[in-house]
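Every read-out reported here was derived from the displayed coordinates using simple, explicitly stated rules and does not represent laboratory data. The structure presented is a predicted model; accordingly, all values stated were derived computationally and were not measured. Positions of Cβ are generated from backbone atoms using ideal geometry, with glycine treated the same way; all protein chains shown enter the neighbour counts.
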Amino acid sequence: MKLTIVGGGGFRVPQIVEALSHRPGDQLDVSELCLFDTSAERLRVMIHVLDQLPIVRKPRITATADLTEAVTGADFVLSAGREAGTEGRVRDELIPLSHGIIGQETVGPGGYAYAMRTIPAALDLAHLVSERAPNAWVINFTNPAGIITQAMRQILGKRVIGICDTPIGLVRRAARTLGHREAELDYDYIGLNHLGWLRSVTASGKELLPRLLDTPELLSQMEEARLIGPQWVRALGMIPNEYLFYYYRNREAVAQIAAEEKTRGQFLSDQQNAFYRAALAEPTRAAELWDAAHREREETYMAEAREVAGDGAREEDDLEGGYQEVALDLMAALSGGPSARMILGVSNTEASTGSGRRIIPALPDDAIIEVPCCVDTDGPVPAPVAPLDGAELGLVTQVKACETMVIDAVTTKNRELAWKAIALHPLVDSASAARQILDEYCEAIAEVAAVFE
């Protein structure tokens, strides 16, 4: 089996190889891992890191800067690209922040700028996969994952699936807190990428979520509750995805990010640039350098939210897991291994359900949503979930409408539609500011400007 990683010089690649080494060969037999990246230096560093990892069972690792070569004959393609690099993310965050609006990688204007410059490359990749590896499954975790997956589905249909580790991380924390293994529980989760809620957790038909919400000692073990506020989580009656911090505590989030010495993007850009420079200068220490940088990255995740919440350092248990485990569970199920249950980004009327009914009736058929799915060789089948209603339905409907406008703006080169998408996002409070933000993105980021030329 050939597994191709698009963005193969990226910082998280070693996590995939480490996780892959623990998989039984009869469940997931990857004979070739092909790394594609436009940067030869980053690829060289990753090869050094992978060579030095203390792993016995590794697939044959190849590296190329030729995307056609990388994709041809692939059984799985992991899409993890970052157009304009971490420098692009820095501008994504700083430009709206200068207008008093949230500056975050995937939420609000920053996420839309990231999507605008990424969609053309994602569509090129989708066309190439359809031509050179038509039977491949594409697993997308390029952010903003919901928008990119939805765009790629226009070409690849159900053979592209969106993944994110935050929903399943939420479920696993709830299971651990309640004293259960994840496999023992049924759960109800629904929403969009980085915008969803855990609404029910049951064991043997008994609902457990009220006990979790009503017991302060238990609720304090949930990172999401500590970030967003336990009183608000209890008032909601459900546990939000951690990214809802930026919606429910937007005023505090903007103030905290603005007060920080560096945004998250600036921190990661500086850290990763320093790591790659050091690893090129001392290639024999590449794995050691990567391990230290990776640990720091995980420990500082969503640091601004913990500052607002007064939460201190991350709990050790909250550093576990990651998107690589979700991706490999998905790959194993799709390739004939054990079937799996996981939260995935799928269409609102996933073709494999056969019902044709919308999971969220207010959204279009092709809208990518995140819901629990059962996965086997035929692909994901969404599990039944309760209807989405009330304020949560309103928020999801508004954000998904804006996400779809972003895709349409890029594919039609319509700058006015891009402006509307930013202006109508619920965390943007001024159409005039939205216009300025878009103009500044086009001035500062060549890849965004090129979309509308």
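The packing ranking, built from the mean of other Cβ atoms within 10 Å per residue, places the peptides 246-255, 293-302, 366-375 in the order 366-375, 246-255, 293-302, highest first.
Suppose the Debye formula is applied to equal point scatterers at every Cα of the chain; what is log10 I(q)/I(0) at q = 0.08, 0.09, 0.13 Å⁻¹? Log10 I(q)/I(0), no solvent term: -0.43, -0.56, -1.29. Peptides 104-111, 221-228, 81-88 ranked from most to least packed, by the mean per-residue count of other Cβ atoms within 10 Å: 104-111, 221-228, 81-88. Note on the stretch 79-165: along the principal axes its Cα atoms extend 46, 22, 19 Å, ordered by decreasing extent. Using only the C-alpha atoms, the convex hull of the stretch 93-225 corresponds to 128 Å³ per residue. Under the convention that each Lys and Arg Cβ holds +1 and each Asp and Glu Cβ holds -1, the size of the dipole of the chain around its Cα centre is about 500 debye.
The fraction of all Cα pairs in the stretch 1-137 landing in successive 10 Å bins from 0 to the largest distance is 12, 36, 31, 17, 4, 0, given as whole percents. Considering only Leu195, Ile437, Pro96, and ranking their Cα positions along the charge dipole of the chain that arises from unit charges at the beta-carbon of Lys, Arg, Asp and Glu, the one farthest toward the positive end is Leu195.
In the structure shown, do any of Lys58/Lys413; Lys58/Lys262; Lys58/Lys158 have a Cα-Cα gap over 32 Å, and if so which? Could the numbers behind the result be given before it?
Details: Lys58/Lys413 44 Å; Lys58/Lys262 37 Å; Lys58/Lys158 30 Å.
From Lys58/Lys413; Lys58/Lys262; Lys58/Lys158, over 32 Å: Lys58/Lys413; Lys58/Lys262.
In vacuum, with every alpha carbon of the stretch 167-283 counted as one equal point scatterer, what does the Debye formula give for log10 I(q)/I(0) at q = 0.13 Å⁻¹? Two decimals, please. Calculated log10 I(q)/I(0) at the listed q: -0.62.
The peptide list 161-167, 28-34, put in order of mean Cβ contacts within 10 Å with the highest first, becomes 161-167, 28-34.
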